[in-house]
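Report on the structure given below.
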Amino acid sequence: IQLGEDYTDVDSKVGNYYSIHSTKLGWINCDYFVYSQDNARLTVSSGRKDVNSSYYLYFHQLNSLMTPSRIDGNTSIFENIPPSSKVTIIGIGKTEKVHYLGMHDLILNKDRAIKLNIKKSTLHGIESQINKLEDNQINGF
């Protein structure tokens with residue numbers, strides 16, 4: 001696993017963010033599940049306006065990550081998620097010098113809004129948790 005450099009995008013005012021680069025995890029495009037029946041929507045935020053966060057959704061059965069369909073300020077929206085999906089929400093954030101990580105396991109059967117609890121971490125701690133995903137060793141399910 002490698003976390004990409006954070007940067008500030010002046011034009012879109014996205015702020016600092018992380019990107020995950022992995023050779024073991026797959027990536028799911030936002031329209032991957034578009035033809036599934038009874039899809040759900042997941043809205044994620046941390047409630048912390050002082051932390052610039054990036055959110056990902058990890059699908060256990062597919063060993064793959066999805067990026068949000070839409071981002072509205074510090075809120076990310078994942079759409080077209082099939083019912084009974086076993087997922088882990090991942091939130092990675094940063095203030096000027098402090099890194100943050102939040103993870104939450106759930107089985108998504110209906111539209112949900114989650115306020116993810118992100119806690120102080122280190123870059124090494126974040127990479128360690130993502131490495132566990134790569135090796136499918138997260139114990140949530």
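FYI, it's all coordinate maths here, none of it is from the lab. No experiment lies behind these values; they were computed from the predicted model shown. All Cβ positions, glycine included, derive from the backbone under ideal geometry; neighbour counts span all protein chains shown.
What order, most packed first, do the peptides 97-107, 21-31 have when packing is the mean number of other Cβ atoms within 10 Å of each residue?
Ranking the peptides 97-107, 21-31 by packing returns 97-107, 21-31.
With the calculation restricted to Cα positions, what are the radius of gyration and Dmax of region 42-93 in angstrom?
According to the Cα coordinates of region 42-93, Rg and Dmax are 11.1, 34 Å.
For region 63-141, max minus min Cα coordinate along each principal axis, in Å, sorted largest first?
That works out to 37, 32, 17 Å along the principal axes.
So which trypsin sites (Lys or Arg not before Pro) in region 102-138 pass both tests, a DSSP loop state and at most 14 other Cβ atoms within 10 Å of the Cβ?
Passing sites in region 102-138 are Lys110.
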